[in-house]
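One structure is given here, and the rest of the page talks about it.
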Amino acid sequence: MSRARADEEEYWHSSKFRAFTFDDEDDELSQLKESKRAVNSLRDIVDDDDDDDLERVSWSGEPVGSISWSIKETASSNTSSLEGRDSSIQKGSSSYAALPKQASSYSLSSLFKGRNKLPSFQSLSDAFSDTGVKNYAPELRRPKAEYKDYSSDWSPKDTVRRMQRGKVCSLERFRSLQDKLMLLDEAVAGHDGNVITAVLIFLKRTLRREILFRELEVRQVALCHLIHFLKETGEQKLLLDLLRFLDRTEEVALSQYREHLNIQDVEKRKEFLKGCIGLPFSAEDTSHIQDHYTLLERQIIIEANDRHLETAGQSEIFRKYPRKASILNMPLVTTLFYSCFYHYTEAEGTFSSPTNLKKTFKIPDKQYVLTALAARAKLRAWDDVDALFTTKNWLGYTKKKAPIGFHRVVEILQRNNAPVQVLQEYVRLVEDVETRLNLATKYKCHDVVIETYRDLKDRIQLTAYKCKVERGSAEEEKINSILNN
């Protein structure tokens, strides 16, 4: 009987079919728990922040959400059969620990995208069964140093250095007032205007005005940069607030005065300038503002009158020389030239008279003579030019006198194509002999050259100059007469 039973057992065990035993179920359960332990160990060495690096896929390749999802899905199929046996399995013999373990299907290549399976480990269960697992665990992400956040990790000094090299840096990490001031001090110490301006823009945006002004008051370099930046960008309100805080009243007035440049309407500009007269300027600047207002007022009157004369065609000079531009908002010298060109003969009582402008705005004699000479020479009014330099002494004798020097008179006349007879008259009035000879030779004033060499009794130079004049001309005859005498 015992032999027959042994044969029966051999039959069952030698068959190609394997009978169901609780040992098989227990072995499968042990593998499942081993996989769970491996995954739990994996969670211990991986930070919560690394979940974003894990490839959340199912075993079919579809995204699901987390690693434990796959374990739970595998375990759900055996939950009903394992729950009733869990307590008995825990009490099983220790011989199950010695059983050879089947290779786990949860490999690193299945869990992580782009991660190669380590050749020294065949499965997670094998990998984490070793005691030195933390020293040989696979690298789950790149070191944090490679992902260094420059906007939050760099010091003020390093940030300034990077900005000087043209690197992109975020200044938002400097939140406290102390950090911001350290950043500004480092920028000033670097002597780079662009970096200083960039830091000032950041401080202007993130600090209250009172705090910013107070700190810049003791940092003059940064203060000058900010004032210049506000002037260039036209932030007039902030600039005025800063200057008032610094008690720079004259600069406040000048900044307000500059606003007239943005006013296009002449009447509104005139009223604005009138209001600027009462601002706290220095005495010299106040006189300039008063002159500016008076000049614009005169220009408005002259422009309206001349436009009417030009349109009606009642003035010969406007018909012969039409105006090329309006006189409004022109400088004082331009206004004087315009007046000398179109209104030279008017009485002093009119606003457009050149002498009235000279007296009202206290124009120096040199400036007045230069401007009037250029205007009348352009019109080729040589009589007016002659009258400009003719003076009488107390005995009634007349002579020519030029506050600018007759050599400059000659140059202005020559630029306006004055005839040789007019040029010679003023070349003779040049006192320096060498300068007179140079001008006479340059502009071919032969009579002046001949007379100068005659007065110097320089026979050699006079003979040499005879070769430069035309043969048979009046100049040659004059030279021969002097040499024969």
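The values are calculated or read from the model by the stated rules, or taken from the named source; none is laboratory data. Here the structure is a predicted model, which means the values were calculated and not measured. All Cβ positions, even for glycine, are placed from backbone atoms using ideal geometry, and neighbour counts span all protein chains on display. Only protein heavy atoms, including side chains, enter the accessible area calculation; ligands, DNA and RNA are left aside. Shrake-Rupley method; radii C 1.70, N 1.55, O 1.52, S 1.80 Å.
Of note:
- Checking each residue of the stretch 467-476 against the condition of being surrounded by 17 or more Cβ atoms within 10 Å (Cβ to Cβ), at pLDDT 90 or above and more than 24 Å from Pro364 (Cβ to Cβ) gives no match.
- Answer from Leu184, Leu243, Leu239 - the residue that is within 21 Å of Ser155 (Cα to Cα), assigned to a helix (DSSP H, G or I), over 16 Å from the mean Cα position of the chain (by Cα) and touching a residue at least 12 places away in the same chain (Cβ under 8 Å): Leu184
- Ile412 outside the structural domain of Asp455 (by the TED database), in a loop (DSSP other than H, G, I, E, B) and among the β-branched types (Val, Ile, Thr): no
- All positions within the stretch 169-178 that are in contact with a helix residue (DSSP H, G or I) (Cβ under 8 Å, 6 or more places away or on another chain) and either at pLDDT 90 or above or open to solvent by 70 Å² or more (accessible area, probe 1.4 Å) (or both): Glu172, Arg173, Leu177
- Count of the stretch 370-397 residues, restricted to those that are at pLDDT below 90 and farther than 19 Å from Gln424 by Cβ, is 7.
- Residues located in the stretch 208-241, provided they are open to solvent by less than 80 Å² (accessible area, probe 1.4 Å), under 18 Å from Ala187 (Cβ atoms) and charged (D, E, K, R): Glu215, Arg219
- Any hit, the stretch 349-356, residues being surrounded by fewer than 15 Cβ atoms within 10 Å (Cβ to Cβ) and touching a residue at least 40 places away in the same chain (Cβ under 8 Å): no
- Residue satisfying condition, being open to solvent by less than 40 Å² (accessible area, probe 1.4 Å) and either without any contact (Cβ under 8 Å) to a residue 40 or more places away in the chain or touching a Leu at 6+ places or on another chain (Cβ under 8 Å) (or both), within set Thr452, Thr441: Thr452
- Breaking point among (1) of a type in the set (Val, Ile, Thr); (2) over 54 Å from the mean Cα position of the chain (by Cα); (3) within 22 Å of Thr335 (Cβ to Cβ), for Val369: (2)
- Cross-chain or 6+ apart pairs with Cβ under 9 Å, the stretch 455-474 first and over 16 Å from Val433 (Cβ atoms), then loosely packed, with under 13 Cβ neighbours inside 10 Å and of a type in the set (A, V, I, L, M, F, W, C): Arg459/Leu483; Thr463/Leu483; Lys466/Leu483
- Residues of the stretch 306-328 that are surrounded by fewer than 14 Cβ atoms within 10 Å (Cβ to Cβ), part of a helix (DSSP H, G or I) and either under 42 Å from the mean Cα position of the chain (by Cα) or touching a residue at least 24 places away in the same chain (Cβ under 8 Å) (or both): none at all.
- Condition met for Ala375 (out of contact with any Gly (no Cβ under 7 Å at 6 or more places or on another chain), part of a helix (DSSP H, G or I), small (Gly, Ala, Ser) and surrounded by fewer than 16 Cβ atoms within 10 Å (Cβ to Cβ)): no
- Residues satisfying the stated conditions in the stretch 357-393, i.e. touching a residue at least 24 places away in the same chain (Cβ under 8 Å) and on the phi > 0 side of the Ramachandran plot: Arg380
- Subset of the stretch 260-272 (residues that are open to solvent by less than 50 Å² (accessible area, probe 1.4 Å), of a type in the set (A, V, I, L, M) and assigned to a helix (DSSP H, G or I)): Val266
- For the stretch 191-207, filtered to residues that are within 16 Å of Glu235 (Cα to Cα) and of a type outside the set (A, V, I, L, M), the residue that is most open to solvent (accessible area, probe 1.4 Å) is Arg205.
- Extreme residue, modelled with the lowest pLDDT, among residues of the stretch 273-292 that are buried (at least 18 other Cβ atoms within 10 Å of the Cβ) and of a type outside the set (A, V, I, L, M): Phe281
Here's the yes/no breakdown for (1) under 30 Å from Leu357 (Cβ atoms); (2) assigned to a helix (DSSP H, G or I):
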position: Leu370; (1), (2): yes, yes
position: Trp394; (1), (2): yes, no
position: Lys399; (1), (2): yes, no
position: Glu431; (1), (2): no, no
position: Thr435; (1), (2): no, yes
position: Lys444; (1), (2): no, no
position: Ile460; (1), (2): no, yes
position: Lys478; (1), (2): no, yes
